[in-house]
């Protein structure tokens, strides 16, 4: 905490430097235009389609592929891993570091951005590039997924494909809900962050948000449902006191796959937890579980099978 | 001879841009002097003449580039720091503390060299401190905070601390040879004091010398201090000894005029 | 002497308050539990939920608070004496920035290095910072220059802060959030492992502190004055620097860089008992421990079931107090 002022100092210096560099750049640019005129820029021909979509939102990228707009996608965010086709696409930054120049140079006809990216949105508006605002929903997060898919369909003239894909997901979610029926809902803690090898820095799903809704849809009772936050830092005491019957931990970051058994064993220290006693601690590495995209039905089925089979 | 310095040369080394040592500007050059036991010797010289540096060399605080200092026949440089501190105490021009110590705590700090690593001050140490406070007339200040004292009071307390440091009573510390012969070094003890405190400190030093028989080397600008206190005097100019000898003969108008590069006629009245 | 009596009473009061805090704080928590069940030896520990809440969640946490609080307060005292600067903190010389950088690296990209925990990495980072600062302070001088120490420490703090920002920038939103949360400090150690790991370092440091108490007093008079009274100044500075850094590194690895304890507790103690390190060090240790136990009790109960970062509590109490200390008429 005491590093605060030094950090601001550096930041201030950086800002000054950047401003100076920017000014210098302007001067150069102006002289270039005056001197020889702007050089004509080649449009990169990565796809034959006239529609060119850039997505800064991994969940939205998945949706685009699900509604059949995959061939239109020309660039994705630095965090996109799915579907496999995105591996070869250019990366244009993400939430906090979108690369405006690269986005422009790709001549997109639609850019999918987080609605909180005000600066980027303003600049894209100035460049008269259509923008799709992706909304991160805290309540109604599952419904938001299929809604967003339909809106993307409308925006890209793929209404039919979007409707089919969205309806399928809704049907599959309903199937899961039906399968849950009147089964007793096990009290479940859905953990998605923890220091490796230790029971510290534990974060779990609270009573709102996509993971919470997924858990309840799949027939679980959220152990922290009374705390109206998407992410709750859980102390050992609170975890013990809530006595969850099932504990599901998501370790979805790259590189965590190899440590599943060791990390599951870490929980054995809390042997009085019903979940530990009954061997109902599950560690999952499937990244689809942490993305509110078209794979939510599959995620719900996975959670259902862990809690009810 | 109790304290003998031979051919002392010293300069503060600076590093050049390429990390090579540049030949130091010499601050003390080929200084030799001898101080008999129980004498009071004054170092007199203008600002920058090397008085403080010479005192640091004599007390073992600095290592000479060449030359030696012997205390009671022992080479100061090779004496363990603690054993040296039991024999030689230094009163600096000014003493500051980063925190608020009481006067008693300041004086007890003088007992550091007599105590083992985890040892707590015993009865003997407290007696030494009380005696030192009484000898310097500061017993009534014992519980005052040092930074709240006046300049003269501070100087007397630091002298008390030095006295406690040289007090060899009731020691069980190993390696002590039982010698009572100690050296007190005072660096411009009256420099920052007004007339009243100057006189007080002069009287105190003279009193201590008479009662305790401690050997004293002091530096000063003040001719009155030299005349009032010193048996002999060393005149230091640009790091070299200009003259040395008994106060009565050495403190002549001609030598003082040469020492400070002033007109002899101006100096004569000061020497009475 | 009246003063010595007050001093002794303050140390005794510190010991009593620390003992009370450590005994009473585990009884308070965000949940209610049955003490009779917690201490019922007929129920096997593996099945005794109350016992697990008491012995796995609360007790180690209170002990961690006492250990970290006492250590930071004592280390702060030593740094202030070493640098002869009342505004020094355990974090002034970059130890915590190094520890934080280590922790940030593991939290952000550490998923690929499963063998190194956050604790180990922060200890490694602290060690790196200590060695760099020491090498710099040693480079141009025989012995340690406190001015160079201070400048090297402050500069290293700035460099490490930049690196911390850089590492956080590499992470995704969740990792960055966890990293920032780590910087606020947490004492939820969930067992005795981190305490046992840190204890040897802290024990060695406190042994050194006990030895340092007297020479530190003399060091605050200045290097020359200390040397002429028989203190081996370079050795004392070295021992002070390494032991206080060791203690700080261990404390930060347990709980993150919890602020303000290392500065307000020593000053508060000095106001009451004076400057002598033989009194200030033990008193600061006891009151630092008590203070952090109290702050953490507030942190885990004030907004239950949500938990406040303990660093926010210490800063909210410590900041205003420190300002008062600065403007206080002398």
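Here, each number is a calculation from the coordinates, and none is a lab measurement. Note that this is a predicted model, so its numbers are computed, not measured. Every residue, glycine among them, receives a Cβ derived from its backbone with ideal geometry; neighbour counts consider all protein chains shown.
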Taking all pairs of distinct alpha-carbon atoms in the stretch C:106-264, Kirkwood radius in angstrom: 17.5
Calculated FRET efficiency for the pair residue A:126/residue A:174, C-beta based, R₀ 30 Å, to 0.05: 0.10
- prompt: Between residue A:160 and residue B:63, what is the label-to-label distance in nm when each label sits 7 Å out along the Cα-to-Cβ direction?
  reply: 9.4
query: Any idea how far apart residue C:5 and residue B:81 come out in nm if each label point goes 7 Å out from Cα toward Cβ?
result: 3.8
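Which whole number gives the average count of other chain Cβ atoms within 10 Å of the Cβ atoms across peptide B:81-87? Intermediate values should be presented prior to the final figure.
Values: counts 8, 4, 1, 3, 6, 1, 0.
Mean inter-chain Cβ contacts per residue within 10 Å come to 3.
Would you mind calculating the gained length between residue B:268 and residue B:195 on full extension (0.36 nm times residue separation, minus the Cα-Cα distance), in nm to one decimal? Don't jump to the answer; show the numbers that get you there.
Values: separation 73, 0.36 × 73 = 26.28 nm, distance 2.15 nm.
Taking 0.36 nm per residue and subtracting the Cα distance, the gain is 24.1 nm.
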message: I need the Debye-formula profile for chain C: one equal scatterer per C-alpha, no solvent, reported as log10 I(q)/I(0) at q = 0.07, 0.11 1/Å, two decimals.
response: -0.29, -0.71
Degrees separating the helix B:195-212 axis from the principal Cα axis of chain B, which is the longest one: 70
field: Among beta bridges that DSSP assigns inside the protein assembly as shown, antiparallel share in %, nearest 5
entry: 45
message: Let's test the formula: R0 of 60 Å, r as the Cβ-Cβ distance of residue A:279 and residue B:130. What FRET efficiency results, to the nearest 0.05?
response: 0.20
task: Can you pull a Stokes-Einstein diffusion coefficient for the protein assembly as shown at 37 °C (0.692 mPa s), Rh from Kirkwood over Cα pairs, as a whole number of µm²/s?
output: 100
field: Solution diffusion estimate, µm²/s, Stokes-Einstein, the stretch A:53-175, Kirkwood Rh from C-alpha pairs, 25 °C, viscosity 0.890 mPa s
entry: 169
- prompt: What is the gain in length, in nm to one decimal, between residue C:24 and residue C:316 on full extension, counting 0.36 nm per residue of separation less the C-alpha to C-alpha distance?
  reply: 102.8 nm
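Note the direction-averaged projected area, equal to a quarter of the hull surface, for the Cα convex hull of the stretch A:182-308, in nm².
Details: hull surface 28.5 nm².
So the mean shadow area of the Cα hull is 7.1 nm².
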query: If you look at just the Cα atoms of the stretch B:3-271, how large are its Rg and its Dmax in Å?
result: 19.1, 60
- request: Set the Förster distance to 45 Å, then compute FRET efficiency between residue B:258 and residue B:139 from the Cβ-Cβ distance, nearest 0.05.
  value: 0.50
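Considering the convex hull of the alpha carbon atoms of the stretch A:109-223, report its projected area averaged over all viewing directions, in nm², one decimal. Walk me through the numbers before you get to the answer.
Values: hull surface 39.7 nm².
Computing the convex hull of the Cα atoms and averaging its projections yields 9.9 nm².
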query: Quick one: what Rg and Dmax do you get for the stretch C:192-330 from the alpha carbons, in Å?
result: 17.0, 59
